[in-house]
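The values are calculated or read from the model by the stated rules, or taken from the named source; none is laboratory data. Computed from a predicted model, the values in this text were never measured in an experiment. As a convention, Cβ positions derive from the backbone with ideal geometry for all residues, glycine included, and neighbour counts pool all protein chains shown.
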Amino acid sequence: MYSRITGIGSFLPGEPVSNGDLARRGIETSDEWIVSRTGIRFRHLAENGENASDLALQASRRALAKAGLEASDIDLIIVATSTPDFIFPSTACLLQSKLGNQGATAFDVQAVCSGFVYGLTIAEKFIRSGSHRRALVVGAEVFSRILDWSDRGTCVLFGDGAGAVVLEASEKPGILATALHADGAHHGILSVPGSICGGQVTGDPFLRMDGQAVFKFAVRVLAEVANECCQAAGIAPSEIDWLIPHQANVRILEATAKRMKLPIDKVIVTVDRHGNTSAASVPLALDEAVRDGRIRAGQKVMLEGVGGGFTWGAVLLEI
Ligand code: UT7
């Protein structure tokens, strides 16, 4: 028994916000700096009151329509997010209610930018065990809410959005191999080190990052975990048709492709138009490349996440 993706959908809120728009809003930056260091040109930002579950709902409806399913057909809902609507209940339960699903298993996964790859791997294990048959796996983020807009080193990098897939039990191969890792010793290089206590925010409620440490870590583990996943599936990296790494920075994507000896035109890039949407970035990129016809049925696609924790992982699948 395999698990296969049978529907993909995504959603970006509002109009694209350019680097120039950010500079005009008073951030001391330039299009030249952002493009040369990151490749980012645009990002989307949610309206006040537009939450992760709202973006997740739009992406999920599109994924369900592509799969030809109703919300009531789903028996497992996993939402990967680091920007949940509430401390609790989970965004997965809020999404379940908005979709009108009752009774499915529903929970959030907190693995920051690796969250979607973590969620997809968990769903695959549930389906392969025989306990569940149809999962909705969503990455949904409103990182604009946790950015310090006076810190130009971080606020220009991120955007909001959501992506969703339907994963179903199948006799035809879909997910071929998975690998997940974490090393909490590196928790300090990318974090939002605050919490709520006694009605007050304690600590720092904004995203903080040691950009260069994150950069080096990401490039190393993205190449390692993709190779590990290929080995587990018994294929050579050159047999991958498409690589979809977490979309953080074009330079990270280029360095990963180089380490894996893959031509850059096998890498799906959306960070230029979406910015870094954390757990949403991989399903957003997958949806775009399937819709525009680059990724075709039968091809092998490697999805990869890396992010705060530190966490990282990969899923190799056949579309
Ligand atoms: O999901 C994972 C998320 N994280 C990442 O992907 C981040 C990975 N890291 C990176 O992408 C890069 O480290 C950054 C793009 C964040 C930063 O690039 P960098 O080449 O490491 O630059 P830096 O932080 O060393 O800053 C260089 C200069 C500094 O000025 P001085 O001290 O040399 O005068 C910064 O103040 O660039 C300045 N700077 C900016 N200038 C214009 C930092 N941010 C900006 C900005 N606009 N937005």
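Within segment 55-78, which residues are of a type outside the set (Ser, Thr, Tyr) and within 16 Å of the chain's Cα centre (by Cα)? Step through it out loud before you land on a result.
Of all residues in segment 55-78, those of a type outside the set (Ser, Thr, Tyr) come to 55-59, 61-71, 73-78.
Across segment 55-78, the qualifying residues are Leu55, Ala56, Leu57, Gln58, Ala59, Ala63, Ile77, Ile78.
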Given the criteria aromatic (Phe, Trp, Tyr), within 16 Å of the ligand (Cβ to nearest atom) and not in a loop (DSSP other than H, G, I, E, B), does Phe206 qualify?
no
Residue, surrounded by the most Cβ atoms within 10 Å (Cβ to Cβ), within segment 77-99, restricted to residues that are closer than 15 Å to Arg61 by Cα and in contact (Cβ under 8 Å) with a residue 60 or more places away in the chain
Val79
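Checking the conditions here, which among Gly211, Gly198 is out of contact with any Leu (no Cβ under 6 Å at 6 or more places or on another chain) and either more than 16 Å from the ligand (Cβ to nearest atom) or acidic (Asp, Glu) (or both)?
Numbers: Gly211 fails: either more than 16 Å from the ligand (Cβ to nearest atom) or acidic (Asp, Glu) (or both).
Just a single option satisfies the conditions, and that option is Gly198.
Is there a residue being part of a helix (DSSP H, G or I), more than 16 Å from the ligand (Cβ to nearest atom) and either at pLDDT 95 or above or assigned by TED's automatic domain parsing to the domain that holds Val290 (or both) anywhere in segment 238-249? So that I can check it myself, show each step before the final result.
Start the filter on segment 238-249 by keeping residues that are part of a helix (DSSP H, G or I), which leaves 238-239.
Still in the running and more than 16 Å from the ligand (Cβ to nearest atom): 238-239.
Within this subset, residues satisfying the condition of being either at pLDDT 95 or above or assigned by TED's automatic domain parsing to the domain that holds Val290 (or both) are 238-239.
Among the residues of segment 238-249, at least one is part of a helix (DSSP H, G or I), more than 16 Å from the ligand (Cβ to nearest atom) and either at pLDDT 95 or above or assigned by TED's automatic domain parsing to the domain that holds Val290 (or both), which makes the answer yes.
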Please verify whether segment 25-44 includes one or more residues that are modelled with pLDDT of 95 or more, aliphatic (A, V, I, L, M) and away from the ligand (no atom under 16 Å from the Cβ).
no
Are any of the residues in segment 172-195 modelled with pLDDT under 95 and either over 14 Å from the mean Cα position of the chain (by Cα) or within 14 Å of the ligand (Cβ to nearest atom) (or both)?
yes
With the checklist (1) crowded, with 22+ Cβ neighbours inside 10 Å; (2) out of contact with any helix residue (DSSP H, G or I) (no Cβ under 6 Å at 6 or more places or on another chain) in hand, flag the one item Gln102 doesn't pass.
(1)
All but one of (1) on the phi > 0 side of the Ramachandran plot; (2) in contact with a Cys (Cβ under 8 Å, 6 or more places away or on another chain) hold for Gly234; which doesn't?
(2)
Output the qualifying pairs, or none if there are none: Cβ atoms under 8 angstrom, residues six or more apart or on different chains, first residue in segment 297-319 and more than 19 Å from Ala164 (Cβ to Cβ), second residue modelled with pLDDT of 95 or more and of a type in the set (Phe, Trp, Tyr).
Gln299/Trp242; Lys300/Trp242; Met302/Trp242; Val306/Phe217; Val306/Trp312; Phe310/Phe217; Thr311/Tyr118
Flag if Val315 is closer than 23 Å to His186 by Cβ, within 12 Å of the ligand (Cβ to nearest atom), modelled with pLDDT of 95 or more and part of a strand (DSSP E or B):
no
How many residues, within segment 137-160, are within 15 Å of Leu22 (Cα to Cα), touching a residue at least 60 places away in the same chain (Cβ under 8 Å), outside any loop (DSSP other than H, G, I, E, B) and within 11 Å of the ligand (Cβ to nearest atom)?
3
Those residues of segment 170-210 that are surrounded by 13 or more Cβ atoms within 10 Å (Cβ to Cβ), touching a Ser or Thr at 6+ places or on another chain (Cβ under 6 Å) and farther than 27 Å from Ser36 by Cα come to a total of 5
